[in-house]
Amino acid sequence: MTDRSIAHAIAAMGTGLGPDTLVQCRALFDAEQSALAAAVPALACDLAYGPDARHRLDLYGTPDGTPKPVVMFVHGGGFVQGDKGDTGWANAAVGRMAAQHGWIGAVINYRLAPDHGWPAGSQDVAAAIAFLKDNVAHHGGDPARIIVIGTSAGAIHIAGYLRLVPEHAAQIRGAVLLSGLYGYTPIDARDERYYGAAATYPDKAPLEAVATTRLPLLVAAAQYDPDRFQAEFIGLCNDRRARHGTMPRAVIMTGHNHYTMAMHLGTSDTRLADEIAAFIEDLS
């Protein structure tokens, strides 16, 4: 399929979420992503960054003697599901995209709700970053140039990490937040599986941290994200404009939805990958 035909197919799906839509989205990219998976094997698999069985990460890239930027990806899944590529190419594709660009990609698993509630996901992001700081040099990465990317729940966990670790700017160089929720809209009942009672959400949401951080950010939303995610994107952009005097670095991905925002990275549609590459280049 061409990029244009894929965009038309995504537009026809609308803004809804659900397992049937997810299957349709994966089918759009399966041939290209399967080829990428065959061409870019993992550099290291199931490295333990903590004591839980979910505390595992995979690395992608080719060490060449020169320390490379490290791009750590945190998957989505509504707080309750998802994996680093153990069940297919999804999510692992972001690590492979990093390898394509000459970086070291790291794709993590983290603990899931409802067994592990707030702030477990953000704690796991912090633990994975600490592990990379200590170990990624052995795999060709530069521990002084770690950039984190998260989509959906993954973006929320990264935003929560910014709140959890006030000194985050000493740990990472920048963050890319794709289709996240930060506290500008009311909590959805499904998200109580992670956050707990809705009444506690304002005290747990990462809004203040993501709005005030001086860490370089790249924020993105999809044209066909559900309305709440679009409202959160606009809310964060407007809040940072009011607080900092400028808009944050931001992208609206036309022709994509909530699932395909990260799922397409590594394919012939390089628009978002190019934005990420330019963001990383500007951090150097």
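The set of residues from the stretch 128-160 being surrounded by fewer than 19 Cβ atoms within 10 Å (Cβ to Cβ), aliphatic (A, V, I, L, M) and farther than 18 Å from Phe279 by Cβ comprises Ala130, Ala137.
Taking Gly245, is it free of Cβ contacts under 8 Å to residues at least 40 places away in the same chain and on the phi > 0 side of the Ramachandran plot? Yes: the conditions hold for Gly245. Ala90 satisfies every condition listed in (1) closer than 23 Å to His264 by Cβ; (2) not in a loop (DSSP other than H, G, I, E, B) except (2).
Look at (1) touching a residue at least 12 places away in the same chain (Cβ under 8 Å); (2) not in a helix (DSSP H, G or I) and you find that Phe131 fails only one, number (2). In the set (1) surrounded by fewer than 19 Cβ atoms within 10 Å (Cβ to Cβ); (2) in a loop (DSSP other than H, G, I, E, B); (3) touching a helix residue (DSSP H, G or I) at 6+ places or on another chain (Cβ under 6 Å), the condition left unmet by Tyr110 is number (1). In the set Leu181, Leu177, Leu272, only one residue is buried (at least 18 other Cβ atoms within 10 Å of the Cβ) and either in a helix (DSSP H, G or I) or touching a Cys at 6+ places or on another chain (Cβ under 8 Å) (or both); that residue is Leu272. When His101, His55 are checked against the criterion of being out of contact with any Ser or Thr (no Cβ under 9 Å at 6 or more places or on another chain), surrounded by fewer than 22 Cβ atoms within 10 Å (Cβ to Cβ), closer than 14 Å to Thr267 by Cβ and touching a residue at least 40 places away in the same chain (Cβ under 8 Å), a single residue qualifies: His101. Can you find even one residue in the stretch 223-246 that is part of a strand (DSSP E or B) and surrounded by 19 or more Cβ atoms within 10 Å (Cβ to Cβ)? For the stretch 223-246, residues part of a strand (DSSP E or B) and surrounded by 19 or more Cβ atoms within 10 Å (Cβ to Cβ): present. For Val219, the criteria (1) in a strand (DSSP E or B); (2) surrounded by 15 or more Cβ atoms within 10 Å (Cβ to Cβ); (3) in contact (Cβ under 8 Å) with a residue 60 or more places away in the chain hold in every case but one, which is (3).
Read the figures in this text as sums done on the coordinates, not as results from a lab. Keep in mind it's a predicted model, so treat the numbers as computed, not measured. Every residue, glycine as well, gets a Cβ built from its backbone with ideal geometry; the counts of neighbours run over all protein chains shown.
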